[in-house]
1. Of all residues in the stretch 306-363 being part of a strand (DSSP E or B) and within 18 Å of residue 265 (Cα to Cα), which is farthest from the chain's Cα centre (by Cα)?
2. Considering each of 214, 283 in turn, give the residue that is out of contact with any Phe, Trp or Tyr (no Cβ under 6 Å at 6 or more places or on another chain) and either surrounded by 21 or more Cβ atoms within 10 Å (Cβ to Cβ) or part of a loop (DSSP other than H, G, I, E, B) (or both).
3. Working carefully through the options 362, 339, 326, find the one that is surrounded by 15 or more Cβ atoms within 10 Å (Cβ to Cβ), modelled with pLDDT of 90 or more and more than 24 Å from residue 33 (Cα to Cα).
4. Please go through the stretch 68-100 and give me each residue that is modelled with pLDDT of 95 or more, among the β-branched types (Val, Ile, Thr) and open to solvent by 10 Å² or more (accessible area, probe 1.4 Å), ordered by number.
5. Name every residue in the stretch 1-51 that is assigned to a helix (DSSP H, G or I), open to solvent by 50 Å² or more (accessible area, probe 1.4 Å) and within 26 Å of residue 97 (Cα to Cα), in order of residue number.
6. Does the stretch 292-328 hold any residues that are of a type in the set (Val, Ile, Thr) and over 16 Å from residue 188 (Cα atoms), and which are they?
7. Based on this model, can you work out whether residue 355 counts as closer than 28 Å to residue 168 by Cα, open to solvent by 30 Å² or more (accessible area, probe 1.4 Å), without any contact (Cβ under 8 Å) to a residue 24 or more places away in the chain and of a type outside the set (A, V, I, L, M)?
8. Answer yes or no as to whether residue 159 is buried (at least 19 other Cβ atoms within 10 Å of the Cβ) and not in a loop (DSSP other than H, G, I, E, B).
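The values are calculated or read from the model by the stated rules, or taken from the named source; none is laboratory data. Being a predicted model, the structure only gives us computed values, none of them experimental. For neighbour counting, all protein chains shown are included, and Cβ atoms are generated from backbone atoms with ideal geometry for every residue, glycine included. We work out accessible area using only protein heavy atoms, side chains counted, and drop any ligands, DNA or RNA first. Shrake-Rupley method; radii C 1.70, N 1.55, O 1.52, S 1.80 Å.
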Amino acid sequence: MITIKEATSKKDLKAFVRFPFKIYENSEYWVPPIIKQELETFNKDKNPIFKDAEARFFLAYKSGKVVGRIAAIINWLEVDKQGIKKMRFGWFDFIDDLDVSKALLNTIEDIGRTQQLSYAEGPVGFSNLDKVGVMTEGFDQLGTMITWYNHPYYINHYSQHGYIIEKEYSENKFPFENVKPEFFKKAQELIKRRYKLRALQLTKTEEVMPYADRMFDLFNESYSSLSSFVEITDIQKEYFKKKFISFINPEYIKFVVDEHDKLVGFAVVMPRFANALRKANGRLFPFGFTHILKAKKQSKDVIFYLIGIHPDYQNKGVHAVIFNEYYETFKQKGIETCYRTPELEDNIAIKQIWKHFDPKVYVRRKTLRKNL
């Protein structure tokens, strides 16, 4: 018999966060999250997303043991302002037992019907900056700190329970040696002169901060046309600045401004922390922080986390300016491999930006939906 229990106490939420450590303990490819950070993500007093969204967390028990988990999420900005009546769900993990996954999905579906929502979609997080998608290919590839890993049997559970494909994503990578400066070197000089642009040279985190709010504003503008978009609010900006920017080398954040110092393009790259996080095994102390700090300084692999161009400057080659800046930085640091976060398959514009580097898809993932 499967029992579903809502995780409301600190003990229950710790069990919720720690469940994947059990089902992936023998995996060579799963990257564990930092437990403290996961708990803060679910803390209504610390994560400002809860001012515009609500979430409930559920655990599935069988014979007294935790065998699955799921987060039921409603983003009211999406529901009320955009008119998208979506019941979100994420952090969905389960043993290979159809009764377990069905009981968890039934729980979030019932919540969606109670709230008069039209459909359920997952796995997704609270917003565009959260993890997304169930893996369907690439199970023999090491994960990242900004994606979910899952067993191959997951996708079968979705189809067995009546879920169909909603969105498709791919993750790409390419060796840095594929980056040929002749594709952007001359072009970026011409573009800077034509539009009176300049790239900022930042080497300290405190130099990045004055531009961080403008970066999130530009993120909202440049990503608003995507089918998965949910606005980042002012209060969320402060949270994300604290949560992410300290993890990022300041020289890996690139800003392009016009003659009036208005931000027209940005990109954020992160060191690939996967191996460091595996060594940390969910804990920053006593040694986890040391592994992460070492990776921040020494990692030869990087992840392109975000790239955004102001709508007025899209298709005008501003990305060439950004790529030129990264080329010089990566050459100095001896970067070997560049990875990209999940990107929507229907985002043709982003594919055009990367085409000269001959990227290869190494992971595919999907979100799935079911009408309520």
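1. Looking at residues that are part of a strand (DSSP E or B) and within 18 Å of residue 265 (Cα to Cα), I get 309.
2. Testing whether each residue is out of contact with any Phe, Trp or Tyr (no Cβ under 6 Å at 6 or more places or on another chain) and either surrounded by 21 or more Cβ atoms within 10 Å (Cβ to Cβ) or part of a loop (DSSP other than H, G, I, E, B) (or both) leaves just 283.
3. 326 is the lone residue from the list that is surrounded by 15 or more Cβ atoms within 10 Å (Cβ to Cβ), modelled with pLDDT of 90 or more and more than 24 Å from residue 33 (Cα to Cα).
4. Of everything in the stretch 68-100, just one residue is modelled with pLDDT of 95 or more, among the β-branched types (Val, Ile, Thr) and open to solvent by 10 Å² or more (accessible area, probe 1.4 Å), namely 95.
5. Residues satisfying the conditions are 11, 14, 18, 22.
6. Scanning the stretch 292-328 gives 292, 302, 303, 307.
7. Yes, satisfied.
8. Criteria not met by residue 159.
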